[in-house]
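Working notes for the structure below.
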Amino acid sequence: MNVQELINIAKMLVSGDKGLLAMDESTSTCNKRFAALGIPQTEEARRSYREMIVSTPRLGECISGAILYEETIREQKKDGTTFVKALTDGEIIPGIKVDLGAKELAGHPGEKITEGLDGLRERLAEYSHLGARFGKWRAVITIGEDKPSQGCMLANAHALARFAALCQEAGLVPIVEPEVLMNGEHTLEQSFNVTEMILREVFSQLYDQRVILEGMLLKPNMVLPGMSSPLQETVDEVANATVKCLLRAVPAAVPGIVFLSGGQSGELASARLNAMNLRYKSQLPWALTFSFARAIQQPALEIWHGEEVNVLAAQQALYHRASCNNAARRGEYKAEMEGK
Ligand code: 13P
């Protein structure tokens, strides 16, 4: 492991007002999104959708890194250029989702544990060979009656830390993603408390596994009320709660925090990220940026709709969301940008 190299990559991923584009949907998630729009769920449809994304002109102005998926990292554009090369040529650092998904946690009905540690060392060596410079592992935490349990939080935090240590050993920057889900009726305060608890547990486990904090990124949820909660706080209230929670639980040595979008609309995700940077940027030890999938891709996916003729318009929509988030990092995002 070259520690300085890890630190450099982590810093590059959060430099220049840029953020990450998550395009690491598993085959089943990608198929679900396609099915919802009536797009054929074939390998070729998934490949051409991803070709549309990686070929978007000037994407590298707003995006520092792209998270690929097992299937995608081996794929090529129609002209034979690998996706990895297309991204690197566009000054976007390729990375990969390395977990094997969240499965039912035995003895904990309704809770999940992310799998994929067995054989991970060997897979990481292969991903590094294919050109990946960072890896991502997502754990999911559910808020509900008697949830999350201590057992679920501990198991997931431990797995995240084991993944992070293996990543660093392989020379890949780990993106540690403990996601407290938005599903449910819980309040902003409950989301705050659970997010603080899981982050504290994650950093305790990262310490035990000797993960170098300067050479990793954290990918958390924003602190949000449940989607079905009747009380939906304002953008500023969400920004305040999120920053307060992160300040309590995330060590200053971590270079960057890259939010997931978790089901928020693209506009709200940009507005909330913007409010955090506008209000707090100069006082924060880490960069606050984005690593959105749906909040960047959704409009582009709807426009593309599986049709070659829509590629240009879809790329414009993708670039637009990426540039809105780029502005949000500077605290310069405005709702009026959406009309353009
Ligand atoms: P969303 O932004 O759609 O929540 O996806 C985030 C993610 O983890 C994909 O890598």
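A short reminder: the numbers here are calculations on the coordinates, not readings from a lab. Just so you know, these numbers come straight off a predicted model, no measurement behind them. In this analysis, Cβ positions are derived from the backbone assuming ideal geometry, glycine residues included, and neighbour counts consider all displayed protein chains.
The residue pairs whose first member lies in the stretch 47-76 and is at positive phi, whose second member is surrounded by fewer than 21 Cβ atoms within 10 Å (Cβ to Cβ) and part of a helix (DSSP H, G or I), and whose beta carbons are closer than 7 Å, counting only pairs six or more residues apart or on different chains, are 58/319. Against the list (1) within 19 Å of residue 131 (Cα to Cα); (2) surrounded by fewer than 18 Cβ atoms within 10 Å (Cβ to Cβ); (3) of a type in the set (A, V, I, L, M, F, W, C), the condition residue 53 fails is (2).
When residue 258 is tested against (1) touching a helix residue (DSSP H, G or I) at 6+ places or on another chain (Cβ under 8 Å); (2) over 16 Å from residue 139 (Cβ atoms); (3) within 16 Å of the ligand (Cβ to nearest atom); (4) among the aliphatic types (A, V, I, L, M), just one condition goes unmet, and that condition is (2).
What's the total number of residues in the stretch 277-307 that are away from the ligand (no atom under 16 Å from the Cβ) and out of contact with any Phe, Trp or Tyr (no Cβ under 7 Å at 6 or more places or on another chain)? Write out each step before concluding.
Of all residues in the stretch 277-307, those away from the ligand (no atom under 16 Å from the Cβ) come to 277-287, 303-307.
This time we only want the ones that are out of contact with any Phe, Trp or Tyr (no Cβ under 7 Å at 6 or more places or on another chain), so: 277-287, 303, 305-307.
Total satisfying the criteria: 15.
Within the stretch 276-297, residues that are within 16 Å of residue 238 (Cβ to Cβ) and of a type outside the set (Asp, Glu) reach partners that are within 8 Å of the ligand (Cβ to nearest atom) and in a helix (DSSP H, G or I) with beta carbons closer than 9 Å, at six or more positions or on different chains, in the pairs 290/269; 290/296; 292/269; 295/269.
Restricting attention to the stretch 149-200, the residues being under 21 Å from the mean Cα position of the chain (by Cα), more than 19 Å from residue 110 (Cβ to Cβ) and not aliphatic (A, V, I, L, M) number 11.
Suppose the filter is surrounded by 14 or more Cβ atoms within 10 Å (Cβ to Cβ), under 18 Å from the mean Cα position of the chain (by Cα), of a type in the set (A, V, I, L, M, F, W, C) and closer than 15 Å to residue 267 by Cβ; does residue 328 pass it? It is true that residue 328 is surrounded by 14 or more Cβ atoms within 10 Å (Cβ to Cβ), under 18 Å from the mean Cα position of the chain (by Cα), of a type in the set (A, V, I, L, M, F, W, C) and closer than 15 Å to residue 267 by Cβ. Only residues that are in a helix (DSSP H, G or I) and surrounded by fewer than 21 Cβ atoms within 10 Å (Cβ to Cβ) were counted across the stretch 87-100, and they come to 2.
Could you say whether any residue in the stretch 116-129 is within 16 Å of the ligand (Cβ to nearest atom), touching a Cys at 6+ places or on another chain (Cβ under 9 Å) and not small (Gly, Ala, Ser)? Taking every residue of the stretch 116-129 in turn, none turns out to be within 16 Å of the ligand (Cβ to nearest atom), touching a Cys at 6+ places or on another chain (Cβ under 9 Å) and not small (Gly, Ala, Ser).
Out of curiosity, is residue 15 among the polar types (S, T, N, Q) and away from the ligand (no atom under 14 Å from the Cβ)? Yes; evaluated as a whole, the condition is true for this residue.
Evaluation of residue 171 against the conditions (1) in contact with an Asp or Glu (Cβ under 7 Å, 6 or more places away or on another chain); (2) part of a helix (DSSP H, G or I) shows that the sole unmet condition is (2).
Within the bounds of the stretch 147-154, is there any residue that is outside any strand (DSSP E or B), of a type in the set (S, T, N, Q) and buried (at least 20 other Cβ atoms within 10 Å of the Cβ)?
Here is the first cut: in the stretch 147-154, the ones outside any strand (DSSP E or B) are 148-154.
Keeping just the survivors that are of a type in the set (S, T, N, Q) gives 149-150.
If we keep only those that are buried (at least 20 other Cβ atoms within 10 Å of the Cβ) as well, we get none.
No, the conditions are met nowhere in the stretch 147-154.
Go through the stretch 244-264 and report how many residues are farther than 19 Å from residue 274 by Cβ and among the β-branched types (Val, Ile, Thr).
Residues of the stretch 244-264 farther than 19 Å from residue 274 by Cβ: 248-255.
Now restrict to residues that are among the β-branched types (Val, Ile, Thr): 250, 254.
Of the residues in the stretch 244-264, 2 are farther than 19 Å from residue 274 by Cβ and among the β-branched types (Val, Ile, Thr).
Only residues that are of a type in the set (A, V, I, L, M, F, W, C), assigned to a helix (DSSP H, G or I), more than 20 Å from residue 37 (Cβ to Cβ) and out of contact with any helix residue (DSSP H, G or I) (no Cβ under 6 Å at 6 or more places or on another chain) were counted in the stretch 267-303, giving 2.
Suppose we filter 121, 133 for residues that are surrounded by fewer than 17 Cβ atoms within 10 Å (Cβ to Cβ) and of a type outside the set (Phe, Trp, Tyr); which single one remains? Quick ask: steps written out before the conclusion?
Values: 133 fails: surrounded by fewer than 17 Cβ atoms within 10 Å (Cβ to Cβ).
Result of the check over 121, 133: 121.
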